[in-house]
1. Within segment 144-157, track down each residue that is closer than 14 Å to Leu45 by Cα and either without any contact (Cβ under 8 Å) to a residue 40 or more places away in the chain or in a helix (DSSP H, G or I) (or both).
2. So which of Ala61, Ala48 is of a type outside the set (D, E, K, R), over 19 Å from Ile159 (Cβ atoms) and either assigned to a helix (DSSP H, G or I) or at pLDDT 95 or above (or both)?
3. Could you tell me how many of the residues in segment 158-184 are outside any helix (DSSP H, G or I) and either surrounded by 15 or more Cβ atoms within 10 Å (Cβ to Cβ) or free of Cβ contacts under 8 Å to residues at least 60 places away in the same chain (or both)?
4. Give Val147, Val184 a once-over and let me know the one that is under 24 Å from Gln349 (Cα atoms), over 13 Å from the mean Cα position of the chain (by Cα) and not small (Gly, Ala, Ser).
5. Among the numbered conditions (1) within 20 Å of Gly59 (Cα to Cα); (2) touching a residue at least 60 places away in the same chain (Cβ under 8 Å); (3) of a type outside the set (A, V, I, L, M, F, W, C); (4) not in a loop (DSSP other than H, G, I, E, B), tell me where Tyr118 comes up short.
6. Could you please tell me which pairs satisfy a Cβ distance under 7 Å, a separation of 6+ or placement on different chains, a first residue in segment 188-214 that is touching a residue at least 12 places away in the same chain (Cβ under 8 Å), and a second residue that is of a type outside the set (Phe, Trp, Tyr) and not in a helix (DSSP H, G or I)?
7. Taking the options Ala345, Ala324, name whichever one is under 28 Å from Pro219 (Cα atoms) and out of contact with any strand residue (DSSP E or B) (no Cβ under 8 Å at 6 or more places or on another chain).
8. Is it the case, given these coordinates, that Thr326 is hydroxyl-bearing (Ser, Thr, Tyr) and in contact (Cβ under 8 Å) with a residue 60 or more places away in the chain?
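The values are calculated or read from the model by the stated rules, or taken from the named source; none is laboratory data. Remember, predicted model here, so these are calculated numbers, not experimental data. With ideal geometry, Cβ positions are generated from the backbone for all residues, glycine too; neighbour counts draw on all protein chains shown.
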Amino acid sequence: MPCGSKICGEERLTIWSAPSRANHNLMNNPVKASNTHLRTVRWWLLAAAAMIFLTLVVGGATRLTESGLSIVEWKPVTGIVPPLSENEWEAEFAKYQTIPQYRELNRDMTLAGFKVIYWWEWFHRILARLTGAVFLLPFMFFLWRGVIPQGLRARLWAIFGAGAALGAVGWWMVSSGLTQGVSVSQYRLAFHLTLACAIYASILWTAQQLAPQVPGKVPTRLRTGALAIAILLLLQIYLGALVAGLDAGLVYNTWPLIDGAFVPASERLWFIEPAWRNLFENTMTVQFDHRIVAYAVWLLTMLHASDAWRMRREAGGAFMLAGAVTVQAALGVVTLLYRTPIPLAMAHQVFAIVVFTMAVMHAGRLWHRVAYLSQSATVGQNA
């Protein structure tokens, strides 16, 4: 079948690489075209990031309400439709009654109670699917129109691939709680959350790189400090997931001491063999690590804010980040002292994502690149 297009006929380009002729007026002005296209792509990425943020929030609520095991099957397509009749609800409830969580924790649960936890998990899964659609459909459209810079395409495909893998990881996590125990594996829970946050950070970072910004040299110390804070916060989120998975927030509810000391006795921290398992299975060690990394994050943000003020670069963002980290640390202490009630625990989890968002965007501003602008302008000249 003939291509019918000069672009496709002479250069043998596909719809994924050929620029659209519909934007001819914009393409006559490469700078205007590049700015318009990059702004559109950036807003799309921010919309996808907002969907991930909402999914993370609902996922946290699903975990806190112990709703994650209410749907015992993984049906990526047909699972979109919830039970619509009383018989269908009874069938879903009967499936849930076969797993250990029901038998050991929720034997007195009624159908009405089951519907509550079911809707939490269903909504979480639907949001994940919608997030994938919000990312993929515009991505395919932008590829067809040829407005995504060449250097950005591989990264966006990698992000989509990671997002698809995240769905499989989510089911892998859920399946760990269907046959033994009353909750999912803390290993899989932490991996699932951390992968989701890494994808979220990748999208935010990419969007920030596309934002207009006055070029200028940023001291290496300031850039490195900002990036280190973001990475430490991701590690802290991983440790927080381990704390949640082990219900470690329900023990050692004192601060600043833990088990009567600032640093617990080594025989209490390392009694599981082999020793590395204490980092993931010992409630005291996991909670202690979470505290220590929190102290490190707070100290680093204070030093970073001081550097930004002295160097007169992004001082406002650095001070806002330091303030947010301080609030989050205080919220974590209060949550611990009150034995993690759901409202406080939920606030602590949501604000953790807010702080992480601030850190990634702040680091992105300091590591800003302008390469995509020139690439997009080249696309405009070639159209």
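1. Of everything in segment 144-157, those that are closer than 14 Å to Leu45 by Cα and either without any contact (Cβ under 8 Å) to a residue 40 or more places away in the chain or in a helix (DSSP H, G or I) (or both) turn out to be Leu152, Arg153, Arg155, Leu156, Trp157.
2. Among Ala61, Ala48, only Ala61 is of a type outside the set (D, E, K, R), over 19 Å from Ile159 (Cβ atoms) and either assigned to a helix (DSSP H, G or I) or at pLDDT 95 or above (or both).
3. Number of matching residues: 6.
4. The conditions single out Val184.
5. Of (1) within 20 Å of Gly59 (Cα to Cα); (2) touching a residue at least 60 places away in the same chain (Cβ under 8 Å); (3) of a type outside the set (A, V, I, L, M, F, W, C); (4) not in a loop (DSSP other than H, G, I, E, B), only one is false for Tyr118: (2).
6. Arg188/Ser176; Gln209/His368; Gln209/Arg369; Gln213/His368
7. Exactly one of Ala345, Ala324 is under 28 Å from Pro219 (Cα atoms) and out of contact with any strand residue (DSSP E or B) (no Cβ under 8 Å at 6 or more places or on another chain), namely Ala324.
8. no
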